[in-house]
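Here the structure is laid out as structure tokens; the discussion comes afterwards.
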Amino acid sequence: MSVNIESYQSIQADVNAKNVLLVAVSKTKPNEDIQALYALGHRDFGENYVQELVDKHSILPNDIHWHFIGHLQSNKVKYIAPFVYLIHGVDSLKLLQEINKQAAKCNRVIDCLLQVHIATEETKFGFDADELKAFMQQSVWETLPHIRIKGLMGMASNTDNTEQIRKEFKALHFLYSKLQEQIPTANTLSMGMSADYPIAIEEGSNLVRVGSLLFGARNYSN
Ligand SMILES: *Cc1c(COP(=O)(O)O)cnc(C)c1O
């Protein structure tokens, strides 16, 4: 087990004082690591891969709040719809419609965050600012009773340039405040990871997704 309990406790104390939710990102990590934080009272965990999440959910305690933070394919929504707590990466209307459909089958309303592309990298998923604006003008969510838009999620560029990162978080926070004017249920701004969560909180994040600072570096080979 490689959980860094001291690091967990200091990050948890810091975010508690600021009313920020810490989602412990446990992708690729064993169940024992999750259980170690669960034993300390932690309940919010983030996963990126559908099959891994389904497996972990079937074994671990059922009061865990499972956050899906990866790129979600429409054809896989059905596997997580019965239990997922919050889907962070909604990046198309098609995906939102599929979540609505699968949530209806489970008699649930599923909370969703729209993912916004704020980084300079080409590879990251999400709406850009113009697409988000167009999306909001359509008010599509009003026709989807089994989803609830809770806010926005974004990832800053992977760079040492903290001013660049801050600029990107500021841009996301601005879009979030616009969204809040339109959607009263929006109360969540998911931004910040191990490398940049302090900047994200300074720029208005109220949910940080932290993995490697808690669980150590990831090894994707297995
Ligand atoms: C993996 C991942 C994280 C956690 O990254 P760390 O750098 O390990 O904190 C956060 N958010 C998303 C979307 C991720 O895919």
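The values are calculated or read from the model by the stated rules, or taken from the named source; none is laboratory data. Since the structure is predicted, the reported quantities are computational estimates derived from the model, not experimental observations. Neighbour counts run over all protein chains shown; Cβ positions are idealised from the backbone, glycine included.
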Exercise for review: Quick one: count up the residues across the stretch 206-222 that are within 12 Å of the ligand (Cβ to nearest atom), among the small types (Gly, Ala, Ser) and in a loop (DSSP other than H, G, I, E, B).
Suggested key: 3
Exercise for review: Name the residue, out of Ile69, Ile64, that is in contact (Cβ under 8 Å) with a residue 60 or more places away in the chain, under 16 Å from the mean Cα position of the chain (by Cα) and closer than 22 Å to Thr28 by Cα.
Suggested key: Ile69
Revision key, fill the gap. The lone condition Met191 fails out of (1) within 15 Å of the chain's Cα centre (by Cα); (2) more than 11 Å from the ligand (Cβ to nearest atom); (3) not small (Gly, Ala, Ser) is (2)
Exercise for review: Determine if the stretch 32-51 includes at least one residue that is within 15 Å of the ligand (Cβ to nearest atom) and more than 29 Å from Ala186 (Cβ to Cβ).
Suggested key: yes
Review point. If you check every pair at least six apart or on different chains, which have Cβ atoms under 7 Å apart with a residue in the stretch 36-57 that is in contact (Cβ under 8 Å) with a residue 60 or more places away in the chain first and a residue that is of a type outside the set (Val, Ile, Thr) and within 16 Å of the ligand (Cβ to nearest atom) second?
Key: Leu37/Tyr8; Leu37/Ala24; Gly46/Ala24; Gly46/Ser26; Gly46/His67; Gly46/Arg209
Revision key, fill the gap. Residue count, the stretch 150-159, condition surrounded by 21 or more Cβ atoms within 10 Å (Cβ to Cβ) and free of Cβ contacts under 8 Å to residues at least 60 places away in the same chain, comes to 5
Practice item. Look at Ser2 and say whether it is of a type outside the set (A, V, I, L, M), at pLDDT below 95 and outside any strand (DSSP E or B). Key: yes
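Listed here are the residues, each with its yes/no results for (1) of a type in the set (Val, Ile, Thr); (2) in contact with a helix residue (DSSP H, G or I) (Cβ under 6 Å, 6 or more places away or on another chain); (3) crowded, with 20+ Cβ neighbours inside 10 Å.
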position: Lys178; (1), (2), (3): no, no, no
position: Ile183; (1), (2), (3): yes, no, no
position: Ala195; (1), (2), (3): no, no, no
position: Ile201; (1), (2), (3): yes, no, yes
